[in-house]
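Reviewing the structure listed below.
The values are calculated or read from the model by the stated rules, or taken from the named source; none is laboratory data. Predicted, not measured: the structure shown is a model, and the values here were computed from it. Here the Cβ positions follow ideal geometry from the backbone for every residue, glycine too, while neighbour counts run over all protein chains shown.
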Amino acid sequence: MITSGGFTLQQVIDGCRTLPAPGFNQIMREHPRPRPAATLIPVVEVDGQAAVVLTRRTQGMDHGGDWVFPGGRLDDQDTSHADAARRETAEELGVDPERIEVIGQLTTHGPIITGYVVEVYIGVLSGTGRLDPDAGEVSEIATIPLGDFLQPGRAFRAAMKPTNRHPAETASQLSMSSLRHYSIDEEHDLWGLQAEILFELLHHLTGGAHDF
């Protein structure tokens, strides 16, 4: 069982081989226009440790300013959800899609409030080429060792603050009174669906020891 000491890239790859069949997390009971989407957790090796790449959305986009994993809706050119996840990740990070190998799939979530039903994948980003993020979608990136999220105080639960996009009644409907959060830095968190995605991966890799 892996604990707070961190993970090697091979440990993540081996762990993903034992993932259960993807489940389905129904978030809203219904949506007038559900649409398919896919996201991917990019895993890289940094100084012998497995790390994940997070992107911060530019202002003006849906969830502008939030830290998220790369992803988006399916296009006509995509042959599968996994293909869409690789394409979106390659576009947002500015890398060749051939550098991304999908190694696992997590729970599907949706429909979220924007109507998307999101399939979630894990992928290894190979090679040492630099990242060249799409400035139209990504304002900054962060590469954080997976083990860092297991450190004391890094993971916590907190209520979602109502906003124009998520009024109080909607937050209540979606059971958002106590959401998982992971601290990115002193000012920003990974929260909501993005935090649930990371939690599922860490929960599996630690044999269920990571729970909060």
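Only one residue in Glu101, Glu88 is in contact with a strand residue (DSSP E or B) (Cβ under 7 Å, 6 or more places away or on another chain) and touching a residue at least 40 places away in the same chain (Cβ under 8 Å), so which one is that? Don't jump to the end; show me each part of the working.
Working: Glu101 fails: touching a residue at least 40 places away in the same chain (Cβ under 8 Å).
Going through Glu101, Glu88 in turn, just one is in contact with a strand residue (DSSP E or B) (Cβ under 7 Å, 6 or more places away or on another chain) and touching a residue at least 40 places away in the same chain (Cβ under 8 Å): Glu88.
Of the conditions (1) surrounded by 13 or more Cβ atoms within 10 Å (Cβ to Cβ); (2) at pLDDT below 95, Ala158 fails just one. Which one is it?
(1)
Can you tell which of Gly123, Gly115, Gly127, Gly136 is modelled with pLDDT of 95 or more, farther than 15 Å from Ser183 by Cα and either of a type in the set (Gly, Ala, Ser) or surrounded by fewer than 12 Cβ atoms within 10 Å (Cβ to Cβ) (or both)?
On the way: Gly115 fails: modelled with pLDDT of 95 or more; Gly127 fails: modelled with pLDDT of 95 or more; Gly136 fails: modelled with pLDDT of 95 or more.
So the residue among Gly123, Gly115, Gly127, Gly136 that is modelled with pLDDT of 95 or more, farther than 15 Å from Ser183 by Cα and either of a type in the set (Gly, Ala, Ser) or surrounded by fewer than 12 Cβ atoms within 10 Å (Cβ to Cβ) (or both) is Gly123.
Name the single residue, out of those in the stretch 1-46 being more than 23 Å from Thr143 (Cβ to Cβ) and charged (D, E, K, R), that is modelled with the highest pLDDT.
Top of the filtered list is Arg17.
Every residue, every condition in (1) part of a strand (DSSP E or B); (2) in contact with a helix residue (DSSP H, G or I) (Cβ under 6 Å, 6 or more places away or on another chain); (3) of a type in the set (A, V, I, L, M, F, W, C), yes or no:
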| residue | (1), (2), (3) |
| --- | --- |
| Ala37 | yes, no, yes |
| Ala90 | no, yes, yes |
| Glu101 | yes, no, no |
| Gly127 | no, yes, no |
| Arg130 | no, no, no |
| Ala135 | no, no, yes |
| Glu140 | yes, no, no |
| Thr143 | yes, no, no |
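Looking at Val44, is it under 27 Å from His188 (Cβ atoms) and touching a residue at least 24 places away in the same chain (Cβ under 8 Å)? Please lay out each step first, then the result.
Numbers: under 27 Å from His188 (Cβ atoms): yes; touching a residue at least 24 places away in the same chain (Cβ under 8 Å): yes.
Criteria met by Val44.
A quick yes/no check of all residues on (1) in contact with a Gly (Cβ under 9 Å, 6 or more places away or on another chain); (2) of a type in the set (A, V, I, L, M, F, W, C); (3) surrounded by 16 or more Cβ atoms within 10 Å (Cβ to Cβ):
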residue	(1), (2), (3)
Ile27	yes, yes, yes
Leu74	no, yes, yes
Gln77	no, no, no
Ala82	yes, yes, yes
Thr89	yes, no, yes
